[in-house]
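Below is one structure, written out as structure tokens; the observations come after it.
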Amino acid sequence: MKILLVYPKYPETYWSFKHILKFVSKKAAFPPLGLLTVASMLPPDWEKKLVDANITELKNEHITWADLIFIGAMVVQKDSAREIIKRCKAMGKTVVAGGPLFTTLQEKFEGVDHFVLNEAEVTLPLFLEDLRNGNSKQVYTSMERPDVTKTPLPMWSLIDFKDYATMLVQYSRGCPFDCEFCDIIIMNGRIPRAKTPEQLITEFQALHDAGWRGSVFIVDDNFIGNKLNVKKMLPSLIQWQKEHNYPFKLLTEASTNLADDEKLMQMMSSANFYNVFLGIETPNIDSLKECGKFQNVSRDLSETVKTINRHGMQVMGGFIIGFDNDTESIFDTQISFIQQAGVVNAMVGLLNAIPETRLWHRLKAEGRLLNDPTGENTDGSLNFVPKMSREKLISGYRKILSSIYSPNNYYQRIETFLKSYKPTVRSRISSEKLNAFLKSAWSVGILSKARLLYWKLLLKTALTKTKAFPTAVELAIYGLHFERITKRVLSS
């Protein structure tokens, strides 16, 4: 049996980091971890090939070669997924689809022969058994939460590391919190399930043995969802990193209560974590209560950011506007908070109702749903009727973007961040990083409107906070990406 695994294309967004990739000579930010893991779950005697449409064009000869086409995708990839399904069916191929896109929007896709939904450790074996027996069904679904300690290693041999900027590893699934707008509970449940320390170290060793060096994103729904498990695992990771001379810089997603745990932050810093994404959402307390983000209500969110920064981890922040409790003051409030807290990489999006979330069900009951979400909440689209007028909300959203990603405000945030940032990450000075700096000196330091701010930042950092110099260069490069995406969003 010949299996072609296809990963659809991402649109150009804040999250795609497209304009950063050229600085490090990469084609995509991340590999398709889900499909690589599914490949390891398929029979070992089956032939497997993977085509990542973000890396290379899906050609007719790829499709002709295969007996089965496996497609895995997230909601933001739906347009590319439809195109791929249509091509494969036109060539008479059997299409198998899974992942978040099809789990929540299955009924929106024609041409898929078999939907293998929810968590593949449960549903994929059911499909494979029926396929062997010649009686496979169209839909395989289950709410059973599998034991992730039995999840196999991804099949890294299917990709070329040179194409990607960052590798992905999953340690746990699930999140203990129940935010109204979030679909994590639908996908992975509220009880975090973690791999064993030995299992995670095996995954890191496999990446190391395959030749990877650089950034590794631990893509958990909430890395600290079960703090006890994480604290049991981190000593093994710290020891492994030390023994291998810190080959990986780590980043992850966590909740704001990370700032409450001094020991955990110290351990993460010792394990070489340098970046943490937090769902800050909004400084509006009423809106936080509205969406069930109670873990953010009774804390100083700005101090939370700075506390984590002081432990050598840069905070990337997710922000949302469009809650029912948002008034017209929210736009200036968000801008003020982002600037004052020094959240350099601030991903501000419009609230979207994702199918089957508590928000989706509430808005549906209120007759306020309009259409399916695009899966990309920073593209300026709305799929429900907001309490604030749509025109005011869109206008205010554009105001936030044009403000926080103006060169002056962006570089001001970098300076604010650097005041509280205490770099601890251990990282080699590679030819790749040197090339990125030289390219930034040309693209940002000479050609961009921010050139004076760029050189002022680098000179000041070199003189006053030398260890943070690579981070300052990196953030300057990110600024170019954000500026270009913002220009596109504002012109649409």
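The values are calculated or read from the model by the stated rules, or taken from the named source; none is laboratory data. Small disclaimer: the values here were computed from a predicted structure and weren't measured. Cβ atoms come from the backbone with ideal geometry, glycine included; neighbour counts cover every protein chain shown.
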Within the range 237-256, identify whether any single residue is assigned by TED's automatic domain parsing to the domain that holds M187, acidic (D, E), out of contact with any Leu (no Cβ under 9 Å at 6 or more places or on another chain) and without any contact (Cβ under 8 Å) to a residue 24 or more places away in the chain, and answer yes or no. yes
Scanning for something crowded, with 20+ Cβ neighbours inside 10 Å and over 22 Å from the mean Cα position of the chain (by Cα), does the range 269-279 turn up at least one residue? no
Considering (1) buried (at least 19 other Cβ atoms within 10 Å of the Cβ); (2) in contact (Cβ under 8 Å) with a residue 40 or more places away in the chain; (3) farther than 23 Å from F417 by Cα, say which one L288 fails and leave the rest. (2)
In the range 450-465, what count of residues is obtained for those that are surrounded by fewer than 12 Cβ atoms within 10 Å (Cβ to Cβ) and either in contact (Cβ under 8 Å) with a residue 12 or more places away in the chain or within 17 Å of N408 (Cα to Cα) (or both)? 1
Based on what the data block shows, is E328 among the acidic types (D, E) and within 28 Å of R390 (Cα to Cα)? yes
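Each row is one residue, and each column tells you yes or no for (1) of a type in the set (V, I, T); (2) without any contact (Cβ under 8 Å) to a residue 40 or more places away in the chain; (3) at positive phi.
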position	(1), (2), (3)
S25	no, no, yes
M41	no, no, no
P44	no, yes, no
N54	no, no, no
V75	yes, no, no
K78	no, no, no
A81	no, no, no
R87	no, yes, no
Sole residue being buried (at least 16 other Cβ atoms within 10 Å of the Cβ), on the phi < 0 side of the Ramachandran plot, outside the structural domain of V343 (by TED's automatic domain parsing) and modelled with pLDDT under 95, chosen from A468, A436, A476: A436
Could you list, in sequence order, the residues of the range 400-433 that are out of contact with any strand residue (DSSP E or B) (no Cβ under 8 Å at 6 or more places or on another chain), within 27 Å of T282 (Cβ to Cβ) and of a type in the set (A, V, I, L, M, F, W, C)? I414, L418
When restricted to N383, N325, the only residue under 20 Å from V75 (Cα atoms) and touching an Asp or Glu at 6+ places or on another chain (Cβ under 8 Å) is N383
Spans of strands (runs of 3 or more DSSP E) in the range 1-118 with at least 1 residues within 25 Å of the chain's Cα centre (by Cα), surrounded by fewer than 20 Cβ atoms within 10 Å (Cβ to Cβ) and modelled with pLDDT of 95 or more: 47-52
Looking for something surrounded by 20 or more Cβ atoms within 10 Å (Cβ to Cβ), of a type in the set (A, V, I, L, M, F, W, C), out of contact with any helix residue (DSSP H, G or I) (no Cβ under 8 Å at 6 or more places or on another chain) and assigned by TED's automatic domain parsing to the domain that holds G312 - is there at least one such residue anywhere in the range 198-217? yes
Can you tell me which residue within the range 133-190, out of those that are touching a Pro at 6+ places or on another chain (Cβ under 9 Å) and of a type in the set (K, R), is surrounded by the fewest Cβ atoms within 10 Å (Cβ to Cβ)? R190
If you check K419 against the conditions, is it at pLDDT 95 or above and on the phi < 0 side of the Ramachandran plot? yes
Only one of these is out of contact with any Cys (no Cβ under 6 Å at 6 or more places or on another chain), at positive phi and surrounded by 17 or more Cβ atoms within 10 Å (Cβ to Cβ): G375, G396, G367. Name it. G375
Please identify the pairs in which a residue from the range 142-158 that is closer than 20 Å to H208 by Cα has its Cβ atom under 8 Å from the Cβ atom of a residue that is surrounded by fewer than 17 Cβ atoms within 10 Å (Cβ to Cβ) and β-branched (V, I, T), counting only partners at least 6 apart or on another chain. L153/T202
Test T471 against the stated conditions and say whether it is in a helix (DSSP H, G or I), among the polar types (S, T, N, Q) and closer than 30 Å to Y397 by Cβ. yes
Regarding P283, is this residue modelled with pLDDT under 95 and crowded, with 18+ Cβ neighbours inside 10 Å? no
Those residues of the range 388-443 which are in contact with a helix residue (DSSP H, G or I) (Cβ under 6 Å, 6 or more places away or on another chain), outside any helix (DSSP H, G or I) and closer than 23 Å to T464 by Cα amount to Y421, P423, T424
Answer with yes or no whether A66 is closer than 27 Å to I184 by Cα, outside the structural domain of T202 (by TED's automatic domain parsing) and small (G, A, S). no
Only one of these conditions is not met by R484: (1) crowded, with 18+ Cβ neighbours inside 10 Å; (2) of a type outside the set (S, T, Y); (3) in a helix (DSSP H, G or I). Which number is it? (1)
